[in-house]
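Reviewing the structure listed below.
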Amino acid sequence: MTSPTLTRPELTAADRCDRCGAAAQVRAILSTGGELLFCGHHAREHEAKLKELSADIQR
(Lines give C-alpha, C1' and ligand atoms only; values in the text may rest on other atoms or scores of the structure.)
Protein backbone atom coordinates (compact mmCIF):
# COMPACT_ATOMS: atom_id res chain seq x y z
CA MET A 1 0.00 0.00 0.00
CA THR A 2 1.38 3.41 -0.93
CA SER A 3 0.79 6.61 0.94
CA PRO A 4 -0.85 9.46 -0.94
CA THR A 5 1.41 12.30 -2.01
CA LEU A 6 0.10 15.83 -2.11
CA THR A 7 1.30 17.92 -5.01
CA ARG A 8 0.96 21.64 -5.36
CA PRO A 9 -0.68 22.97 -8.50
CA GLU A 10 1.36 24.72 -11.17
CA LEU A 11 1.53 28.49 -10.89
CA THR A 12 -0.97 30.29 -13.12
CA ALA A 13 -1.47 33.87 -14.25
CA ALA A 14 -3.81 34.30 -11.28
CA ASP A 15 -1.01 33.60 -8.75
CA ARG A 16 0.52 36.82 -7.42
CA CYS A 17 3.76 37.72 -5.65
CA ASP A 18 3.31 37.99 -1.88
CA ARG A 19 5.57 41.08 -1.81
CA CYS A 20 4.32 43.27 -4.66
CA GLY A 21 1.36 41.66 -6.40
CA ALA A 22 3.16 41.01 -9.73
CA ALA A 23 2.71 37.66 -11.47
CA ALA A 24 4.28 34.89 -9.36
CA GLN A 25 7.08 32.94 -11.01
CA VAL A 26 8.55 31.13 -7.99
CA ARG A 27 7.03 29.12 -5.14
CA ALA A 28 9.05 28.75 -1.94
CA ILE A 29 7.82 25.91 0.26
CA LEU A 30 8.97 26.39 3.84
CA SER A 31 10.00 23.54 6.12
CA THR A 32 7.00 24.40 8.31
CA GLY A 33 4.69 23.56 5.41
CA GLY A 34 3.75 27.10 4.44
CA GLU A 35 4.48 28.60 1.07
CA LEU A 36 5.41 31.97 -0.36
CA LEU A 37 4.97 33.13 -3.95
CA PHE A 38 7.41 35.57 -5.52
CA CYS A 39 7.89 37.39 -8.80
CA GLY A 40 11.34 36.93 -10.35
CA HIS A 41 12.69 40.12 -8.78
CA HIS A 42 11.67 39.27 -5.23
CA ALA A 43 12.69 35.62 -5.63
CA ARG A 44 16.23 36.76 -6.44
CA GLU A 45 16.17 39.30 -3.61
CA HIS A 46 15.16 36.72 -0.97
CA GLU A 47 16.80 33.59 -2.40
CA ALA A 48 19.76 33.50 0.02
CA LYS A 49 17.51 33.73 3.09
CA LEU A 50 15.11 31.13 1.71
CA LYS A 51 18.00 28.70 1.15
CA GLU A 52 19.22 29.44 4.68
CA LEU A 53 15.76 28.40 5.91
CA SER A 54 15.96 25.19 3.82
CA ALA A 55 12.99 26.24 1.69
CA ASP A 56 12.19 24.14 -1.38
CA ILE A 57 12.33 26.67 -4.22
CA GLN A 58 10.24 25.75 -7.26
CA ARG A 59 10.56 27.73 -10.48
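The values are calculated or read from the model by the stated rules, or taken from the named source; none is laboratory data. Predicted model only: the values in this text are computed from it and were never measured. Using ideal geometry, Cβ is built from the backbone for each residue, glycine included, and neighbour counts are taken over all protein chains shown. Accessible surface areas use protein heavy atoms only, side chains included; no ligands, DNA or RNA. Shrake-Rupley method; radii C 1.70, N 1.55, O 1.52, S 1.80 Å.
A compact table of results
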| quantity | calculated |
| --- | --- |
| Carbon + sulfur, % of accessible area of the chain - ligands and nucleic acids excluded, 1.4 Å | 52 percent |
| Cβ-defined net charge surrounding Ser54, 14 Å radius [Lys, Arg +1; Asp, Glu -1] | -2 |
| Computed helical MRE - 222 nm, the chain, DSSP H runs ≥ 4 contributing -39500 (n - 2.57), nearest 500 | -7000 deg cm²/dmol |
| Summed side-chain charge close to Val26 - residues other than Val26 whose Cβ falls under 14 Å, Lys, Arg +1, Asp, Glu -1 | +1 |
| ³J(HN,Hα) computed for each position of segment 38-47 - Karplus, 6.51 cos²θ - 1.76 cosθ + 1.60, integer Hz, glycine/proline x | 9, 6, x, 4, 6, 4, 5, 4, 9, 4 |
| Amide hydrogen neighbours beyond the local backbone of Asp18, cut-off 5 Å, H modeled | Leu37, Phe38, Cys39 |
| Sequence-separation-based contact order of the chain, relative, with Cα cut under 8 Å and 6+ spacing, percent | 30 percent |
| Under 16 Å from the Gln58 label point (7 Å along Cα→beta-carbon), backbone N, segment 18-45 | 18, 24-39 |
| Computed magnitude of the charge dipole of the chain (debye, nearest 20; Cβ of K, R +1, Cβ of D, E -1) | 80 debye |
| Additional length obtainable on full extension of the chain from Glu45 to Ala13, 0.36 nm per residue less Cα span | 9.4 nm |
| Cys residues of the chain counted as unpaired, since no other Cys beta-carbon is under 4.7 Å | Cys20 |
| Ranked by how many other beta carbons lie within 10 Å on average, peptides 18-25, 48-55, 34-41 from highest | 34-41, 18-25, 48-55 |
| Calculated mean projected area of the Cα convex hull in nm² (choose from (i) 3.5; (ii) 7.6; (iii) 4.6), label | (iii) |
